[in-house]
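First up is the structure itself, then whatever we jot down about it.
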């Protein structure tokens, strides 16, 4: 699964070849419109791709889950990378994976409504 690799210590430690969003998002907001437009275009493509990979039959739910999951993994990677405490860094990655797995289980329950 994509998030297993994304939330791995190998990916966390791969600054040069890792996620450009986690590395550059805060800088892109300070750049010209072209940089932000490129990031936005990539974000739209990624959300569309992820929407096709999440469990669920409803397109709106799948988009909702894709955005939430993507935001969670990127949001977890940043503090995991910045921490100089390896135990805390691993905990951030592991707890985010566990939380996302719980969200998947909730999403598969019959009668679940999109929030």
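Taken together, the values in this text are just the output of simple stated rules run on the coordinates, not laboratory data. Please read all numbers here as calculations on a predicted model, not as lab measurements. Please note: Cβ atoms are built from the backbone with ideal geometry, for glycine as well, and neighbour counts cover all protein chains shown.
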Where Rh is the Kirkwood radius over Cα pairs, Rg/Rh for the chain: 1.00
Fewest-first ranking of 99, 70, using other Cβ atoms within 10 Å as the exposure measure: 99, 70
Two-site label geometry, residue 32 and residue 4: point separation in nm, points 7 Å out along Cα→Cβ: 4.4
Computed [θ] at 222 nm, deg cm²/dmol, the chain (DSSP H ≥ 4; -39,500 (n - 2.57); rounded to nearest 500): -23500 deg cm²/dmol
Per-pair calculated FRET efficiency, R0 = 22 Å: residue 95 and residue 60 via Cβ, rounded to 0.05: 0.20
